[in-house]
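Notes follow the structure.
Quick note: the coordinates plus some simple rules give every number you see, no bench work behind them. Everything quoted here is computed from the prediction, not taken from an experiment. Note: ideal-geometry Cβ built from the backbone for every residue, glycine included; neighbour counts use all protein chains shown.
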Amino acid sequence: MATTMMASNDRWIRTAGQVSSIGLLILVCMGIGLGLGYWLDSKLGTAPWLAFVMTLFGLAAGIYESVKILIRATRDADE
C-alpha cells in the first residue's frame, strides 16, 4: 500500500514538472527560430522576413510539443 501511494505521489510531481515547463519550452523554440531567422536574414539580405517566419515556425513547434506534453500528462492522470 505504501509503495503504491509513493509511486502515485512521484507521478504527480513528475507530471507537474513537465506541465510547468511548457511556457519555457515555447519561449526557447521561438528564440531558436528567431536566432536562425536573423542569421539567415544577415546571410541572404532578406531582413526581417526570415526572422519573422522562423519565429512563427518556432512558435508552432513549441505549441505542438506542448500539446504532446499535455496529452501525455492527461493520459498518465487517467491511469
(request) Scan segment 42-73 for residues that are within 27 Å of SER20 (Cα to Cα) and of a type in the set (Ser, Thr, Tyr) and jot them down. (result) THR55, TYR64, SER66
(message) Can you confirm whether ILE13 is surrounded by 11 or more Cβ atoms within 10 Å (Cβ to Cβ) and aliphatic (A, V, I, L, M)?
(response) no
(request) Determine the pairs where a residue that is at negative phi and acidic (Asp, Glu), located within segment 59-79, has a partner that is exposed (fewer than 13 other Cβ atoms within 10 Å of the Cβ) and part of a helix (DSSP H, G or I) with Cβ atoms under 9 Å apart, the partner being 6 or more residues away or on another chain. (result) ASP76/ARG14
